[in-house]
Every structure is written in C-alpha cells, then in structure tokens.
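Here's the structure, in structure tokens; my notes come after.
The values are calculated or read from the model by the stated rules, or taken from the named source; none is laboratory data. Quick caveat, the model's predicted, so the values are computed rather than measured. Reconstructed Cβ throughout: ideal geometry from the backbone, glycine too, with neighbour counts over all protein chains shown.
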Amino acid sequence: MEFQNNALFWQKIDTLFFSSDVVINRPKKTAHPTYANLIYPVDYGYLKDTVSGDNEGIDVFVGSANNHLVEYIVIAVDILKKDVEVKILYDCSEKEITDILFFLNQTDFQKAVLIKKGTEIPIWAESK
C-alpha cells in the first residue's frame, strides 16, 4: 500500500506539540555534541514531558517562519544508533525545511524522509 496521510494523526501531533513546552538545547548554528562537523540549521530541541523511541523527549526543529504551525514531520533512521525517530518541524520555511533535510541526510549512517500534514481521513483511520 502506498503512503496514506491521516488528518486524525495530525490532530494528535498538534495536541502533543501545543500542550508541551519546547526546550531548545541546540541553538541554530551550533555543532552537534558528538559530530562537530554537523551544524544545526535551525534551533533544535525537544518537547518537555514527552517520550520518543529513544526514551528522550520528542525532537523538534524550530524555524523562523512565524506561522505558528506544525506542517511537517521527519522520520529519520540511524544505523549507528540502530533507531528510527520522528522529529517535528515547527514554524519552518521552505528553505529551512530543505536545510533540515540536508542536515539529516548528509551522512551515510542516517537518512530521513519528510511527511507533510494531510487533511484527509482514510476509512481505516476512523474510530469505531
């Protein structure tokens, strides 16, 4: 089956994001703590009091578009850490999104895909 978007999924993403505080622990233009050659293109942090697959807060890239929207998520796979993570993109311009994708895909050890918010609700997504 080809990817199908789900507006109800995005409602849950919005609820998580807007009910949590964003903690920026890696400001724009700072180096990754382990890989000094990787420079964050936008502010990066996590949602306080949330948990993702790595038992840390849900990752968030915060841009400067000033639209106050979560319109994208990124799914990244890292073969060194042997994990897959979802990262929320908030307030990101098209250029910032491109920069984030370049940042996440610049090594052979990590690759990421971008998913845009959908507005449709597939039949299989409705609660019974």
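Observations on the structure shown:
- Cross-chain or 6+ apart pairs with Cβ under 8 Å, region 90-110 first and farther than 14 Å from residue 43 by Cβ, then surrounded by 14 or more Cβ atoms within 10 Å (Cβ to Cβ) and of a type in the set (Asp, Glu): 109/78; 110/78
- Selected residue [among the hydroxyl-bearing types (Ser, Thr, Tyr), out of contact with any helix residue (DSSP H, G or I) (no Cβ under 9 Å at 6 or more places or on another chain) and assigned to a loop (DSSP other than H, G, I, E, B)] from 98, 107: 107
- Top-ranked residue in region 31-48 [being surrounded by fewer than 17 Cβ atoms within 10 Å (Cβ to Cβ) and at pLDDT 95 or above; ranked as nearest to residue 88 (Cα to Cα)]: 48
- Every pair of residues 6+ apart whose Cβ atoms lie under 8 Å, when the first sits in region 9-27 and is at negative phi while the second is exposed (fewer than 15 other Cβ atoms within 10 Å of the Cβ) and not in a loop (DSSP other than H, G, I, E, B): 9/125
- Qualifying residue in region 63-72 (condition: of a type in the set (Val, Ile, Thr) and at pLDDT below 95): no
- Residues that are among the small types (Gly, Ala, Ser) and surrounded by 15 or more Cβ atoms within 10 Å (Cβ to Cβ), drawn from region 82-128: 112, 118
- Per this entry, residue 64 is not counted among residues that are free of Cβ contacts under 8 Å to residues at least 40 places away in the same chain, farther than 20 Å from residue 103 by Cα and among the hydroxyl-bearing types (Ser, Thr, Tyr).
- When residues of region 1-30 are limited to those that are hydroxyl-bearing (Ser, Thr, Tyr) and surrounded by 12 or more Cβ atoms within 10 Å (Cβ to Cβ), the one farthest from residue 117 (Cα to Cα): 30
- Residues located in region 94-126, provided they are over 22 Å from residue 9 (Cβ atoms) and in contact with a Phe, Trp or Tyr (Cβ under 9 Å, 6 or more places away or on another chain): 96, 103, 107
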